[in-house]
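A quick write-up on the structure given underneath.
FYI, it's all coordinate maths here, none of it is from the lab. Everything numeric here is computed off the predicted structure, so don't read it as measured data. No Cβ is skipped: glycine too gets one built from the backbone with ideal geometry, and neighbour counts run over all protein chains shown.
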Amino acid sequence: MNFNTKTIHGGQKHEETTGSVMPPIFQTSTYAQSSPGTHKGYEYSRAANPTRTALENNFAAIENGTHGFAFSSGLSAIDCVLKMLNPGDEVIAGDDLYGGTYRMFTRMFEKYGLKFQFVDMTHVENVSKALTNDTKLVWLETPTNPLMKVADIEEISKVVKAKGSNILVAVDNTFATPYLQQPLSLGADIVMHSATKYLGGHSDLVMGALMVKDEKLAEELHFIQFAGGAVAGPMDSFLALRGIKTLHVRMQRHCENGKAIAEFLVNHNKVKEVYYPGFDNHPSHKVAKKQMKDFGGMVSFRLKDESKEAAFRFLENTKVFTLAESLGGVESLVNHPVTMTHASIPEPERLKIGITDSLIRLSVGIEDIDDLLSDLEQALNQ
Ligand code: P1T
């Protein structure tokens with residue numbers, strides 16, 4: 001199946017008793033057994049639930065994996081991956097990450113003895129230099145949140161596997177989605193999503209996803225998901241599955257609108273800098289072009305007036321763009337990373353990589369482009 005068919009049919013079968021085209025919402029915690037241990041494949045919904053199974057099969061299909069797992073949030077999916085490691089193990093991660101990922105790594109897992117190095121992954125050498133005999137996981141976010149840095153998944157996977165075939169490469173594919181890039185086919189072992197974003201696509205659920213292509217890894221992750229318990233519920237699983245069916249059509253429009261807005265901003269006299277991997281002069285444009293089908297709907301920018309007041313004036317005055325955390329929904333959102341999504345990163349770390357008061361992040365939705373452009377124009381002129 002091609003991707004645009006997989007979003008709709010991947011891993012799906014019609015419900016057996018009625019032929020229902022969509023899987024029913026199996027709103028149940030438990031399942032009858034005819035004799036202790038004898039059941040129809042479902043015992044207790046933390047282990048498995050049929051609506052979640054339908055979604056997890058679709059997750060696997062859209063990322064070219066063999067197994068998918070649905071979690072109660074993106075962060076709980078990341079938590080599951082990290083729990084495969086042991087005290088003393090080292091993780092190499094990108095230096096620009098969603099603030100909550102950074103917070104989890106440094107404030108939760110460091111205290112359990114994991115060691116983290118944060119490097120600029122736009123240069124493969126930075127990853128090879130950081131690899132040690134204790135490295136067990138390389139964590140990539142590409143494009144990154146919020147600075148839109150791009151890492152070469154294929155080259156990094158090669159370098160990592162040459163150092164040790166047991167070192168896992170995991171890619172947070174939230175910004176790109178499998179419509180734009182499919183990390184498992186580029187050499188990564190694990191794909192992670194905040195399904196809250198583009199996969200769900202309608203800002204109506206919080207969910208995480210993991211996808212893998214290896215049986216043993218799938219078993220380990222399933223054990224941790226089951227034993228840890230952070231599973232997605234049946235109603236949310238239904239909504240996510242419904243959302244994914246239109247992922248490819250939504251993404252096409254997100255990309256078109258994202259490009260138009262990036263071009264508008266880069267030519268605007270109030271704007272200093274635009275972060276968008278579709279530009280020829282973006283530091284990783286070549287890599288982005290090689291591994292992504294298009295450049296997505298996320299655009300960050302910096303105003304010429306770099307004061308916090310100027311940024312707030314803009315943020316308080318958009319009318320079609322809603323000032324809110326999150327991204328990837330049909331509606332356009334605007335975010336101030338310093339005070340919102342990346343507030344948990346200590347100021348010196350933030351400043352080092354360029355997350356300053358003047359940075360603004362747009363999640364460009366699928367509304368009419370003229371309405372989006374005129375909204376930005378009027379807010380920039382406030
Ligand atoms: O919010 P949750 O579903 O738990 O996912 C966390 C997460 C992980 N990875 C990336 C790249 C993310 O962007 C997020 C969540 N991000 C936001 C809420 C945000 O506005 O950036």
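Within the set of pairs 6+ apart or on separate chains, which have a first residue in region 238-252 that is under 23 Å from HIS14 (Cα atoms), a second that is surrounded by fewer than 19 Cβ atoms within 10 Å (Cβ to Cβ) and of a type outside the set (A, V, I, L, M, F, W, C), and C-beta atoms under 8 Å apart?
LEU239/HIS202; LEU239/ASP204; GLY243/HIS202; HIS248/ASN4
Among residues belonging to region 258-284 that are touching a residue at least 24 places away in the same chain (Cβ under 8 Å) and more than 18 Å from VAL334 (Cα to Cα), point out the one that is surrounded by the fewest Cβ atoms within 10 Å (Cβ to Cβ).
By that ranking, first place goes to ASN269.
Filter region 205-216 down to the residues that are touching a residue at least 60 places away in the same chain (Cβ under 8 Å) and surrounded by fewer than 23 Cβ atoms within 10 Å (Cβ to Cβ) and list them by number.
Once the filter is applied, which keeps residues that are touching a residue at least 60 places away in the same chain (Cβ under 8 Å) and surrounded by fewer than 23 Cβ atoms within 10 Å (Cβ to Cβ), region 205-216 yields VAL206, LYS213, ASP214, GLU215.
Looking only at region 23-77, which residues are of a type in the set (A, V, I, L, M, F, W, C), assigned to a loop (DSSP other than H, G, I, E, B) and closer than 17 Å to PHE238 by Cβ?
ILE25, PHE26, ALA48
What is the residue count in region 335-362 for residues that are surrounded by fewer than 21 Cβ atoms within 10 Å (Cβ to Cβ), in contact with a helix residue (DSSP H, G or I) (Cβ under 7 Å, 6 or more places away or on another chain) and not hydroxyl-bearing (Ser, Thr, Tyr)?
2
Among (1) among the hydrophobic types (A, V, I, L, M, F, W, C); (2) more than 11 Å from the ligand (Cβ to nearest atom); (3) assigned to a loop (DSSP other than H, G, I, E, B), which single condition is VAL191 missing?
The number of the failed condition is (3).
Kindly provide the set of residues from region 24-83 that are under 16 Å from the mean Cα position of the chain (by Cα), among the β-branched types (Val, Ile, Thr) and away from the ligand (no atom under 16 Å from the Cβ), ordered by number.
Scanning region 24-83 gives a single hit, ILE62.
Can you give me the ranges of the helices (runs of 4 or more DSSP H) entirely in region 232-295 with at least 2 residues that are under 20 Å from SER363 (Cβ atoms)?
234-244, 247-266
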